[in-house]
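The values are calculated or read from the model by the stated rules, or taken from the named source; none is laboratory data. Not measured: the values here are computed from a predicted model. Because the Cβ atoms are built from the backbone with ideal geometry, glycine has one as well, and the counts that use them run over all protein chains shown. Please note that ligands, DNA and RNA were not included when accessible areas were found on the heavy atoms of the full protein model with its side chains. Shrake-Rupley method; radii C 1.70, N 1.55, O 1.52, S 1.80 Å.
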Amino acid sequence: MNAKRILRSIGLGTLATCLTLSALFIVAPSTSVSAADLQQDGTHLENLLKREQIVITNQQERLNLSNQAVNAAQQWIADLQAEGKDTAALQTALTAFQNSIAQAQSSFDTAKGILDAHAGFDASGNVTDRAQALKTVVDAGRAERQFHLTITQATINFRTAVHEYRQSNS
């Protein structure tokens, strides 16, 4: 029973994180920058870099929560198996979730690498080369969006599988 409570708590935490990130993308759906932005003093690009650094921090937390959910789910499945219940559907869903986490991790690593290199920006986040800075924020934003899409769909799919299992085994 404790594993179920942990799984629900992590699921709710993951859902809250998902909604927070979704709200961020709804408020500011893209990091596309027009040519006119390149003519500015670089403040816009510097702000985009800061925003993307916040997103990457949130995505790291999302990965941590997802991995905690996997651990709790594995324990829950083991408990169900010990009770003699058929958990094949849950195990399949968990494996798919883990595979999606690995794909999201790849997108995360790409975005983090781009942001850590901060091409076009100095160590303080000030624009030094507008063209490189633009490429940095666009490429990092693209990888962050891919992470978001991958982990969100994986979470929805896994939660749906858990819900369906509970419905059919209650």
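Points worth noting:
- Residues of the range 108-146 that turn out to be assigned to a loop (DSSP other than H, G, I, E, B) and aromatic (F, W, Y), as a count: 0
- Of all residues making up the range 147-170, the number that are open to solvent by less than 40 Å² (accessible area, probe 1.4 Å) and in a loop (DSSP other than H, G, I, E, B): 0
- Selection over the range 114-141 of residues that are open to solvent by 70 Å² or more (accessible area, probe 1.4 Å), in contact (Cβ under 8 Å) with a residue 24 or more places away in the chain and under 30 Å from V70 (Cβ atoms) gives a count of 0.
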